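First comes the structure, then the notes that go with it.
The values are calculated or read from the model by the stated rules, or taken from the named source; none is laboratory data. As the structure is a prediction and not an experimental result, all values here were calculated from the model. Here Cβ is always computed from backbone atoms with ideal geometry, including for glycine, and neighbour counts include all displayed protein chains. Each accessible area value is taken on the protein alone, full model and side chains, heavy atoms only, with ligands, DNA and RNA left out. Shrake-Rupley method; radii C 1.70, N 1.55, O 1.52, S 1.80 Å.
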Amino acid sequence: MRALSAVAAVVVATAVLACANAAYPPGGPEDKLPPKLVAVSPESGAVNARPKAVVFQFDEVVNDRGTGQTSLRSLFLLSPRDGDARIDWHRSSVTVRGRRDWRPNTVYTITMLQGVSDLRANVSKERRTVSFSTGPSFPGGRIAGIVYDWARGRGIPLAFVEAVRRPDSTVFVAQADSTGRFDIPFVN
């Protein structure tokens, strides 16, 4: 009986020592990397494009609520716009569409701003812009400048800029960079 107790004690001690080993929890190592954009469809520069939506595909599931006070919807800019864009979450992809169908012979620019996060709150600093044309070409016009705070003597970082084309009231939008510089391309 003593021999059996000694064997049992060795088995219990081995089991206890095995449990004390440091290891990753089930599911693999802890993810500390933000989601990475792996594809956008249609590709930037596409002409005669008529996609149902512009699809941003990530390498992992993204948070459908955005980060902090920022919603996922506010992290995508559509220009020109015809009201609020329709932003839909599909686990590891986000689709962007205008409120109405794509207009013929129009260049659309969709900008994914910094702030897309995964389910572990890892926030991406990546910013990506994709442009496609529903017509055969891209016009050469553009509006560029600096949003400037004269009282403080510096550019206003991350300011939102709107330009309204007359007579049809088409609204083009962009976000300034960290120095206040902005660029709205393909304005016709």
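SER41 sits with roughly 70 Å² accessible to a 1.4 Å probe, with DNA, RNA and ligands left out of the calculation. Residue order by solvent-accessible surface for TRP150, TRP102, TRP89 is TRP150, TRP89, TRP102, largest first, with ligands and nucleic acids left out and a 1.4 Å probe. Counting only aspartates and glutamates at least 8 places from LYS52 when in the same chain, those with an alpha carbon closer than 12 Å to its own are ASP101. On full extension, the segment bounded by ALA151 and ASP59 gains 28.7 nm, given 0.36 nm per residue less the C-alpha separation.
Note on LEU158 and LEU119: the model spin-label points, each 7 Å out from Cα along the C-beta direction, lie 2.7 nm apart. Near the amide H of ASP82, within less than 5 Å, lie the amide hydrogens of ARG99, all on another chain or at least 5 residues away, with H placed in the peptide plane. Taken about its Cα centre, region 67-129 carries a charge dipole of about 40 debye when Lys and Arg each add +1 at the Cβ and Asp and Glu each add -1 at the Cβ.
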